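S.K.: Submitted below is the structure of interest, expressed as structure tokens.
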Amino acid sequence: ESDAGCYTCVCGDEQSTASLAVHALPVLFKEELKNEEAQEGASATLSCELTKEAPVQWKIGPKVLKASGKYQMRQSGTTAELLIHDLEVKDA
């Protein structure tokens with residue numbers, strides 16, 4: 001629920017009204033992705049932390065990744081994780 005809106009203070013027959021606008025802060029990376037190394041056939045996890053909760057999208061190059069047996073996306077609060085299973089050399 002937004003706190004923006006029109007607020008009124010009423011005292012008897014008198015009242016005073018004001019408008020409150022709330023400007024959203026931009027979402028930034030609090031903790032960025034770190035380089036990882038892993039063995040072929042293993043799994044790898046990439047994670048980052050945002051300054052506030054927001055939806056994220058994972059990509060490899062220009063390709064947007066979708067959840068599958070290979071890729072698992074998890075998000076808990078401000079932390080976003082990508083799990084990559086059964087690594088192949090082409091996953092680098």
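The values are calculated or read from the model by the stated rules, or taken from the named source; none is laboratory data. Computed from a prediction, not measured in an experiment: that's the story for all the values here. Every residue, glycine as well, gets a Cβ built from its backbone with ideal geometry; the counts of neighbours run over all protein chains shown. Heavy atoms of the whole protein, side chains included, go into the accessibility calculation; ligands, DNA and RNA do not. Shrake-Rupley method; radii C 1.70, N 1.55, O 1.52, S 1.80 Å.
S.K.: If you roll a 1.4 Å probe over the heavy atoms of the protein chains, what accessible area per residue do you get for the chain, in Å²? Don't skip to the end; give the middle numbers.
M.R.: Working: 7560 Å² over 92 residues.
Each residue of the chain exposes 82 Å² on average to a 1.4 Å probe.
S.K.: For the residue pair Leu65 and Ala18, what label-to-label distance in nm results when each label sits 7 Å from Cα along the Cα-to-beta-carbon direction?
M.R.: Placing both labels 7 Å beyond Cα along the Cβ direction yields 4.8 nm.
S.K.: Turning to a different aspect of this structure: For the chain, what's the relative contact order in percent, using C-alpha pairs closer than 8 Å and at least 6 residues apart? Walk me through the numbers before you get to the answer.
M.R.: Details: 131 pairs, mean separation 22.4, N = 92.
So the answer I get is 24 percent.
S.K.: Tell me, what HN-Hα J-couplings in whole Hz come from the Karplus equation 6.51 cos²θ - 1.76 cosθ + 1.60 at θ = phi - 60° for each residue of region 39-44, using x for Gly and Pro?
M.R.: Working through the residues one at a time gives 7, 4, x, 8, 10, 9 Hz.
S.K.: Could you report the accessible area of Val56 in Å², rounded to 10, computed with a 1.4 Å probe on the protein chains as they sit in the structure?
M.R.: Approximately 60 Å² for this residue.
S.K.: Express the Stokes-Einstein translational diffusion coefficient of the chain in µm² s⁻¹, to the nearest whole number, given a Kirkwood radius over alpha-carbon pairs, 10 °C and a viscosity of 1.306 mPa s.
M.R.: 94
S.K.: For Ile84, what is the net charge nearby, where nearby means another residue's Cβ is under 15 Å from its Cβ and Lys, Arg count +1, Asp, Glu -1?
M.R.: 0
S.K.: Here is a follow-up. Can you give the charge dipole size of the chain about its Cα centre, rounded to the nearest 20 debye, using +1 on the beta carbon of Lys and Arg and -1 on the beta carbon of Asp and Glu?
M.R.: 440
S.K.: For region 25-91, which whole percent of the accessible surface, found with a 1.4 angstrom probe, sits on carbon and sulfur atoms?
M.R.: 51
S.K.: Residue by residue, what Karplus-based ³J(HN,Hα) values in Hz, rounded to whole numbers, does region 19-28 have, using 6.51, -1.76 and 1.60 with θ = phi - 60° and x for Gly and Pro?
M.R.: For region 19-28, the Karplus-derived couplings read 9, 10, 9, 10, 9, 6, 6, x, 7, 10 Hz, x marking Gly and Pro.
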